[in-house]
Amino acid sequence: MLLKQFHYFLSSSTKLPFFKSPTDANSISPFRSPIPVRRSLTVSASLITNSDSFEVGRLIGSYGFMNVTSYSGFQSGEGVEYSSGDLGQLRVQDVGEGSVKIRLYEGRVSQGSRKGTSLIFKVYPGKRAGGLEADMMAANELNAHVFLQSSSSDISSNLALLVGGFETNTGEQWLAFRDDGKYSAADYGKIMSERMSKRVEQVSWNPYEQELLIKRRRNFVIRMFQGIMRGLVYMHDRNRLHQSLGPSSVVLNTIVEKDAAYLVPRLRDLAFSVDVRYPFPEDSLGQLAEGLWRRATAAGAYTPMEKRAFGIADDIYGAGLLFAYLAFVPFCEAGVVDALSLQRLLESTFRLDLEATREYCLADDRFVEAVKFLDLDDRAGWKLLQAMLNPDFRQRPLAEAVLNHRFLTTTMI
């Protein structure tokens, strides 16, 4: 049984006017700064830790976390038949909602050299509201970003940028990130699938226009996944795992497909990031990484180096599921498939046999554009997906090998 943990986004219409100091808001307690420094953290001098340097704006939404237990499901083999009803069936998968809720606010820097910089505040509840787990997640995300941003001359443009943060008197941890876009890859998938539905409902449409739309979408998705993998390469080169990679953990500066040349995807949500430098730091063996190391042991990874290799391969598996999401959801009508049902289809129904998955999807008109996309360049997309989702973690490619795969570098759109 593999325990997967990922986040989902809940939109919110609650609004607050911009106010000069966080203490001016009745709903927010007075602030103190900086965020407490954990034992392994040396805060970068470039981070803003004075709450008076920030303006907080409207509440734009909230995050939650779901625990998803993977399962064995169907047995594949000769004589096994699949039907459209298999897609989306829960089977024995256990889905539970986590206890930590994270609020998101708009904001900006109000003073200093970065004055006027637009921000997104990510607010972790204090220990009293969110328990020890919330406090650990905030500290871990802060540590991860400070570590990854420690070299100012070599910061990846495909990672969210932490500007600073502070802690309230009630123990809430406010992390301030530069606002590099309001949309996530999950938002993109949802919006494009809805547009696919609208086009199908049209009485007449221009075939040339439809072909151009699909070409733009393919190009946009490939460019997006290239950026995602660049971010993951950067993290893995610095011995950091993401461990929460999914559609909602990728922020986009645009979802306009004709502007694909200007697209910059950025990885965010590093609350479950794991430090795998050898020998492993004490913090990397803590509660947040407990599930990872339990899965590693179950897969036959016992030594520290074997566990490190498993962790990297586990990130690649998560990236593979994200690639599958990007290859299917934007090319299908709304409601046909989502992240969970697609994962069930791959893991349970076809037990990670991508050739069998292709044959199944080929017979279903709802997946025609997704199949055509992955079929490009002699089925290069399917081959990449199969490599990333290889049941044997030792056979999965490294992030750099994925980035250099011919589907992402030479595919003719």
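The values are calculated or read from the model by the stated rules, or taken from the named source; none is laboratory data. Quantities reported herein were computed from a predicted structural model and do not represent experimental measurements. Glycine also receives a Cβ, built like all others from the backbone with ideal geometry; neighbour counts cover every protein chain displayed. Remember, those area values only see protein heavy atoms, side chains included, never the ligands or the DNA or RNA. Shrake-Rupley method; radii C 1.70, N 1.55, O 1.52, S 1.80 Å.
The table for this structure:
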{"item": "Output for region 161-192, where each listed residue is touching a helix residue (DSSP H, G or I) at 6+ places or on another chain (Cβ under 9 Å) and open to solvent by 10 Å² or more (accessible area, probe 1.4 Å)", "result": "L161, E167, T170, G171, E172, F177, Y183, A186, D187, K190, I191"}
{"item": "One residue from V264, V251 being open to solvent by 20 Å² or more (accessible area, probe 1.4 Å), outside any helix (DSSP H, G or I), in contact with a strand residue (DSSP E or B) (Cβ under 9 Å, 6 or more places away or on another chain) and of a type outside the set (S, T, N, Q)", "result": "V264"}
{"item": "Matching residues in region 343-357 - criterion: being open to solvent by less than 20 Å² (accessible area, probe 1.4 Å) and either farther than 18 Å from Q395 by Cα or without any contact (Cβ under 8 Å) to a residue 24 or more places away in the chain (or both)", "result": "L345, S348, T349, F350, T357"}
{"item": "When residues of region 392-409 are limited to those that are part of a loop (DSSP other than H, G, I, E, B) and open to solvent by less than 90 Å² (accessible area, probe 1.4 Å), the one farthest from A309 (Cα to Cα)", "result": "H405"}
{"item": "Criterion (small (G, A, S), part of a helix (DSSP H, G or I), open to solvent by 30 Å² or more (accessible area, probe 1.4 Å) and at pLDDT 95 or above) met by exactly one of A380, A387", "result": "A387"}
{"item": "Options E211, E306, E290; residue that is free of Cβ contacts under 8 Å to residues at least 24 places away in the same chain, in contact with a Gly (Cβ under 9 Å, 6 or more places away or on another chain), open to solvent by 10 Å² or more (accessible area, probe 1.4 Å) and of a type outside the set (K, R)", "result": "E306"}
